[in-house]
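Asker: The structure that follows is given in the form of C-alpha cells.
Coordinate-derived values only; no laboratory data. Being a predicted model, the structure only gives us computed values, none of them experimental. Heads up, the Cβs are rebuilt from the backbone with ideal geometry, glycines too, and the neighbour counts pull from every protein chain shown.
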Amino acid sequence: MKKMVIKSTDKSSVVRCNTSVKANIDRLLILLSDGEFYSGEYLAKELGVTRTAIWKLIKKLKSWQLNIYSVRGRGYKIPGGIELLDGSRLREDLKLRSSHFNRIDILTSIDSTADYLSREWQLNRGKGIVCVAEHQTAGRGRKGRGWTSPFAANLYFSIGVSLPLGMTALGGFSLAIGMSLAKILNKMTAQKIKLKWPNDLVFEGKKLAGILVEASGDSNDSSFLNIGVGLNWDMHQNQGGVIDQPWVNLKDLLAVEMTRNQVLVNLLSGVDEAIERYLTKGFKGFYAEWKALSALILQPVSIHLAHSVVSGVEVGIEESGAIQIKTASGIETFHSGEVSLRKNSDLDG
Ligand code: BTN
C-alpha cells in the first residue's frame with residue numbers, strides 16, 4: 001500500500017500531548033500504515049526515541065481504538081494497514097471544485113471537529129473552514145448523544161460557513177445537506193442509500209451516517225453554520241460495539257472501488273454545491289426529490305414529542321422542511337428540533 005503523508009496543524013488543542021509527541025505519533029502512523037510488522041527497535045531508531053517511548057505511543061493509539069497487534073519478538077502491526085487522510089491531495093482536489101471553503105484542517109485527534117470549528121470561528125470569522133479528523137475523543141451526535149469515532153475507521157468532518165441568510169431562512173438547510181449527501185452516496189452505491197428524516201443516512205434501516213447542523217446568528221440576514229458529518233467507512237465490530245442501533249459501513253456498499261480520501265472529496269464538494277443551491281433557491285431547490293430519497297415514505301411511523309407520541313403514515317415534506325404525517329385527524333406537520341421519527345417497529349429513533 002502507498003504510504004501517505006498525514007498533514008495536521010500545530011495547534012496545541014489538537015492532540016492532548018506536546019508537539020514532539022504529536023509529530024512522533026504522525027510519523028509512527030505513516031510507518032505502520034502499510035500493515036507490515038515493525039519491531040520496537042526499528043521504530044525507535046526511525047523516530048529517534050526509546051523503545052519505551054514507542055510502547056507509550058502505541059498505547060496512546062490503541063486508546064484511540066486503532067487496532068494494533070503487538071507480538072513479542074516481532075513488534076507491532078496494523079492488520080490490513082490503514083489509509084490515512086491525505087491533506088495535500090484533499091486540498092488540491094477541492095481547490096478546483098469548491099467555492100465556500102477557504103481552509104482545510106486535517107487533525108490527527110481532537111475532542112470534536114464541531115467544537116474545534118466553533119473555537120476557530122471565534123478567532124477567524126467570515127472564512128469557510130473544513131475540519132477533518134482521524135479520531136475524536138468526544139464526538140457529538142444529535143440529542144446530546146456521543147458519536148463513536150475510532151481512529152481512521154470512518155470519516156468525521158465539520159464545515160463552518162457564514163451565510164447571508166437569517167435563522168428564519170434556514171428551516172430546511174440541514175435536510176438539504178442530508179438529501180445532497182444521500183444523492184452523492186447513491187452514485188457510489190448504485191442507489192442503496194435513503195434519508196431517514198431529519199438527518200440519518202441509512203441502508204435497509206441500518207445507519208450509515210449522521211449529520212449534525214448547528215446554526216447561530218440573527219433572525220434576518222446572517223448566520224454561521226457548523227455542519228458536522230460522521231460516516232461509517234470500515235469500522236470493525238470491536239470498534240463500533242457500543243453503538244446502540246444497527247449500523248453499516250460504506251465500504252461494504254460501494255458499487256465501484258473508492259478510497260476513503262476519494263469519498264471525502266466527493267462528500268465535501270457535494271456539501272459545497274448544496275450550500276450554493278440553498279443560497280440561490282432555498283429548500284425549494286431540494287424538496288421535490290424527497291419522496292425518492294425518504295427511507296420511510298408511505299410507511300407507518302411515530303413522531304416522538306417531549307411528552308407524547310403521534311402515530312400515522314409519512315406522506316411527504318413541506319417547503320419548510322417539516323415532515324407531513326397522515327394521522328387519524330388529518331395531515332399533521334412536525335419540525336425537527338427535539339422531535340424524533342421512528343418506524344413503528346423501531347426501538348430507537
Ligand atoms: C447524529 O447523531 O446522527 C449526528 C452525528 C454527527 C457526528 C459528526 S462526526 C463530525 C462532527 N463532529 C462531531 O462531534 N459530531 C459531528
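Asker: Give me the net charge of residue 171's neighbourhood, meaning all other residues with Cβ under 14 Å from the Cβ of residue 171; Lys, Arg count +1, Asp, Glu -1. Let's see the in-between values first.
Answerer: Numbers: positive: 281, 284; negative: 318, 319.
Summing Lys/Arg as +1 and Asp/Glu as -1 gives 0.
Asker: Same structure, new question: Rounded, prolate or oblate: which fits segment 65-161 when a ≥ b ≥ c are the square roots of the eigenvalues of the alpha-carbon gyration tensor, with rounded for a/c under 1.5 and prolate only if a/b beats b/c?
Answerer: Numbers: a/c = 2.86, a/b = 1.60, b/c = 1.79.
Since a/c reaches 1.5 but b/c is at least a/b, the shape of segment 65-161 is classed as oblate.
Asker: Reachable aspartates and glutamates from residue 251, Cα under 12 Å, same-chain residues fewer than 8 places away excluded?
Answerer: Candidates past the 8-residue exclusion: 234.
Asker: Same structure again: Let me know the Rg and Dmax you get for the chain when you use only its Cα atoms, in Å.
Answerer: 21.3, 73
Asker: For residue 54, what is the net charge nearby, where nearby means another residue's Cβ is under 12 Å from its Cβ and Lys, Arg count +1, Asp, Glu -1?
Answerer: On the way: positive: 27, 45, 51, 56, 59, 60; negative: 41, 46.
Net charge in that neighbourhood comes out at +4.
Asker: What does the charge add up to near residue 136, with Lys and Arg as +1, Asp and Glu as -1, over the other residues with Cβ less than 10 Å from its Cβ?
Answerer: -2
Asker: How many lysine pairs are close in segment 20-100, with Cα atoms under 25 Å apart and the two 8 or more places apart or on different chains?
Answerer: Here the count comes out as 15.
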